[in-house]
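Here's the structure we're looking at; comments come further down.
The values are calculated or read from the model by the stated rules, or taken from the named source; none is laboratory data. Everything numeric here is computed off the predicted structure, so don't read it as measured data. Quick reminder, even Gly has a Cβ in these numbers, built from the backbone with ideal geometry, and neighbours come from all protein chains shown.
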Amino acid sequence: MAPKRIIWADDEIELLRPHILFLQQRGYEVTPVTNGEDAISQVNRSGCDLVLLDEMMDGKDGLTTLEEIKDQHPLLPVIMITKSEEERLMDDAIGRKIDFYLTKPVNPSQILLACKQIFETKAITEQRISQDYVKAFNEISQRLGGELTFRDWYDINLSLCQWNLEMDSYPELGLRETLNDQISACNVEFGKYIERHYSNWINAGPGHPRPEFSTDIVRKYVAPKLIEGRRVVFIVIDCLRLDQWLGFESYLSSLYTFDRRYYFSILPTATPYSRNAIFSGLFPLEIEKKFPEVWAKGEEDESSKNRFEKEFLEHQIKNLKIPLKTDVKYIKILNVDAAKNLEGQILSFVESNELTAVVINFLDILAHSRSDSNVIKEIAPDERAYRSLSNSWFMHSPLLDMLKTLARADCSIVITSDHGSIRSLHGTQVIGDRETSTSLRYKYGKNIKANSKHALFIKNPADYKLPSRGVNTQYMIAKEDYYFVYPTNYHHYLNYYKDTFQHGGVSMEEMIMPVIELTGKK
């Protein structure tokens, strides 16, 4: 390995010869210069791995030199050395992104320690992360061999999401493929687990242990706060995955504390089913009986199947016997202008309404746009980039600004999602007639067929509390990362939909949803 190259700028550099020799004896290559101009020139001409910079030099001082070096080389580490201990100077230097700060007089050991911290911290951190992941990998693998509960799946999914974020920060570790393989293995077992338990859970009587579902969210997390007399802002971010939310938390941690819990989205994990279930507190079959017009024949999109969310929410609040003095305020955000408008009015809504419900569709739009746009797919070619794109949206979104405003308001905030999405990498052939639904991750119709290894097959929709939609209707829900493709032009559509983010199926990413209560730090 080539020695690390250090440029040391100090107008009294001759007095530092013992320090330089000490570093050279330990394998560092040190180039001494006596002023800021020479330091900048040397960095630009020859490059280096670290700059040691005296704060007080004749001519161009250390802070000015630092600023010019960082303008050209923003990632180059700089250690500032000064005679001054003024706090103002320290703040000024730190504000210019120095990596370490030393006060004269310094001895050789101090300099060596600072250099080692710059050069070796990352390597030590990467080694620790690798060791920790191997341990976590083995623990998850052992758990998969035993009898798991839904809470175990919450823990496994959280661990995998956290490791995804860790690997995003250290891509050079070379562990991404291993992590992806483990996620795939977990989704295989998760699909089997859901197939064994889901129908029993949703048909079990009171007191039977089961996870919370979409139908429980308002009753469990919103209603108690309304009963206490709190004003509530209930935010549903369509198509939000846990790993995306964990990224968002970093932008909110200075404003809020989080009480994060989890629930299972109902099947199919698609907006017309899961979001209607959240707002109504009912399973799709129950919605069909109470509100038959919702499941009238038509395409399953925002304009048809989710037209009644406000009415559903009002109906559920009434059934829960919560006597609101004001109407429910319901806002659906489909574009930036609507989001900015909401940001400006959110405080007045909170002051005027006991319950303000907000649906935000951007992430769902992003997932669909990536499927249709080569530009977005190029910007976000993999899950790491997709998370980064989601973070970039949130960081600059009116939603973040709205949450900053709400942190100072006297209200309770509950955030959740209706379903997540999965990067679909494997196609599986499906056969069905013209009346079969068009979704890629789930199908319903008559005489539909596919590989049973790749799909959950539902012969009797009532067992899954799904609407029958006519005589002999059956459902198939894709497992893992499979998507359904018809035989006609099979290879064309197999390639067209490969590597797109889809929802509606059975996977941890689509089913295990966060529900977060935010408390402002006042």
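Among the residues making up the range 303-333, those that are modelled with pLDDT under 90 and surrounded by 15 or more Cβ atoms within 10 Å (Cβ to Cβ) are Lys305, Asn306, Phe308.
Yes or no, residue by residue, for (1) under 23 Å from Pro108 (Cα atoms); (2) touching a strand residue (DSSP E or B) at 6+ places or on another chain (Cβ under 9 Å); (3) polar (S, T, N, Q):
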{"position": "Arg5", "(1), (2), (3)": "yes, yes, no"}
{"position": "Asp10", "(1), (2), (3)": "yes, yes, no"}
{"position": "Leu15", "(1), (2), (3)": "yes, no, no"}
{"position": "Ile20", "(1), (2), (3)": "yes, yes, no"}
{"position": "Thr34", "(1), (2), (3)": "yes, yes, yes"}
{"position": "Ser46", "(1), (2), (3)": "no, yes, yes"}
{"position": "Met57", "(1), (2), (3)": "yes, yes, no"}
{"position": "Thr65", "(1), (2), (3)": "no, yes, yes"}
{"position": "Lys70", "(1), (2), (3)": "no, yes, no"}
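Scoring Lys340 on the criteria (1) more than 18 Å from Ile422 (Cα to Cα); (2) under 21 Å from the mean Cα position of the chain (by Cα); (3) among the basic types (Lys, Arg) leaves a single failure, condition (2).
Within the range 415-442, track down each residue that is surrounded by fewer than 24 Cβ atoms within 10 Å (Cβ to Cβ) and either charged (D, E, K, R) or not in a strand (DSSP E or B) (or both). Result: Arg423, Leu425, Gly432, Asp433, Arg434, Glu435, Thr436, Ser437, Thr438, Ser439, Leu440.
Residues in the range 458-500 that are charged (D, E, K, R) and surrounded by 14 or more Cβ atoms within 10 Å (Cβ to Cβ) were compared, and the one that is modelled with the lowest pLDDT is Arg469. Evaluating Asn447 against the criteria (1) part of a loop (DSSP other than H, G, I, E, B); (2) within 29 Å of Asn180 (Cβ to Cβ); (3) out of contact with any helix residue (DSSP H, G or I) (no Cβ under 9 Å at 6 or more places or on another chain); (4) in contact (Cβ under 8 Å) with a residue 12 or more places away in the chain leaves one unmet condition, (2). Those strands (runs of 3 or more DSSP E) of the range 472-511 in which at least 3 residues are within 24 Å of Tyr273 (Cα to Cα) and free of Cβ contacts under 8 Å to residues at least 60 places away in the same chain, considering only elements entirely within it, cover 474-478, 482-485.
Take Gln142 and tell me if it is out of contact with any helix residue (DSSP H, G or I) (no Cβ under 7 Å at 6 or more places or on another chain), modelled with pLDDT under 90 and either aliphatic (A, V, I, L, M) or at negative phi (or both). The answer is no for Gln142. Scanning the range 438-481 for residues that are under 31 Å from the mean Cα position of the chain (by Cα) and among the charged types (D, E, K, R) gives Arg441, Lys443, Lys453, Lys465, Lys479, Glu480, Asp481. In this structure, is Ile235 within 29 Å of Tyr198 (Cβ to Cβ), more than 21 Å from the chain's Cα centre (by Cα), crowded, with 22+ Cβ neighbours inside 10 Å and of a type in the set (A, V, I, L, M)? No; evaluated as a whole, the condition is false for this residue. Where helices (runs of 4 or more DSSP H) fall wholly inside the range 207-326, no range has 1 or more residues that are among the aromatic types (Phe, Trp, Tyr) and not assigned by TED's automatic domain parsing to the domain that holds Leu406. Out of Ile129, Ile118, one residue alone is surrounded by 14 or more Cβ atoms within 10 Å (Cβ to Cβ) and more than 30 Å from Gln25 (Cβ to Cβ). It is Ile129.
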